[in-house]
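> Below: one structure in structure tokens.
The values are calculated or read from the model by the stated rules, or taken from the named source; none is laboratory data. Not measured: the values here are computed from a predicted model. Cβ sites come from the backbone with ideal geometry, for glycine too, and all protein chains shown count toward neighbours.
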Amino acid sequence: MPLRPGLRGLALALCLLAGPLFADEADLRAFAARVGLDDARGFAETVETIRRTGRLPDRYLTKDEARDEGWRPGDDLCDAAPGAAIGGDRFGNREGRLPRGDWREADLDFDCGRRGAKRLVFSNDGRVFVTVDHYESFQEAPE
């Protein structure tokens, strides 16, 4: 059933307003390059998934899920779960470097071997931060 003219205009306005709610992929890729991430495309896809669904992409496993696959801290995750990365565990923010919130963390730029220092930290309200120095400093991703 076609929308009445007034509803059509309202629907169009909502679509136009909803578009700029989050940064586009180009903005996220540019941010990733600025902060020193190697996999800008993967970063942008991860942020877009978090903001669209509230969850990490399926390639991420919590530490418990990775252990269930045979991984142990210090081991190469690729041996136990090829194509996966660690992510989804709670981040405590004990040092208070981030605003108050319920934070989760995920590895960035993981390509087998030992886990690096780069992490994405995200909250349940859609905020996303990146640390490239293992939680010493954070930079907020564009919204």
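> Tell me yes or no: at least one residue of segment 3-20 is modelled with pLDDT under 95 and assigned to a loop (DSSP other than H, G, I, E, B).
yes
> Just the residues that are out of contact with any Gly (no Cβ under 7 Å at 6 or more places or on another chain) and in contact (Cβ under 8 Å) with a residue 40 or more places away in the chain, please, taken from segment 92-110.
Of everything in segment 92-110, those that are out of contact with any Gly (no Cβ under 7 Å at 6 or more places or on another chain) and in contact (Cβ under 8 Å) with a residue 40 or more places away in the chain turn out to be 95, 97, 98, 108.
> Let me ask something else. Output yes when any residue across segment 24-37 is among the basic types (Lys, Arg), over 13 Å from residue 141 (Cβ atoms) and either surrounded by fewer than 15 Cβ atoms within 10 Å (Cβ to Cβ) or over 15 Å from the mean Cα position of the chain (by Cα) (or both), and no when none is.
No, every residue in segment 24-37 fails to be among the basic types (Lys, Arg), over 13 Å from residue 141 (Cβ atoms) and either surrounded by fewer than 15 Cβ atoms within 10 Å (Cβ to Cβ) or over 15 Å from the mean Cα position of the chain (by Cα) (or both).
> Something else about it: Residues that are within 17 Å of residue 54 (Cα to Cα) and surrounded by fewer than 17 Cβ atoms within 10 Å (Cβ to Cβ): does segment 96-108 have at least one?
There is at least one residue in segment 96-108 that is within 17 Å of residue 54 (Cα to Cα) and surrounded by fewer than 17 Cβ atoms within 10 Å (Cβ to Cβ).
Residues are listed down the side, and each one gets a yes or a no for (1) out of contact with any strand residue (DSSP E or B) (no Cβ under 8 Å at 6 or more places or on another chain); (2) under 21 Å from residue 135 (Cα atoms):
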{"residue": "23", "(1), (2)": "yes, no"}
{"residue": "37", "(1), (2)": "no, yes"}
{"residue": "45", "(1), (2)": "yes, no"}
{"residue": "49", "(1), (2)": "yes, no"}
{"residue": "54", "(1), (2)": "yes, no"}
{"residue": "57", "(1), (2)": "yes, no"}
{"residue": "66", "(1), (2)": "no, no"}
{"residue": "86", "(1), (2)": "no, yes"}
{"residue": "89", "(1), (2)": "no, yes"}
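> What pairs come out if I take residues in segment 67-87 that are touching a residue at least 24 places away in the same chain (Cβ under 8 Å) and pair them with residues that are exposed (fewer than 12 other Cβ atoms within 10 Å of the Cβ) and of a type in the set (S, T, N, Q) whose C-beta lies under 6 Å away, six or more apart or interchain?
Correct list of pairs: empty, since none qualify.
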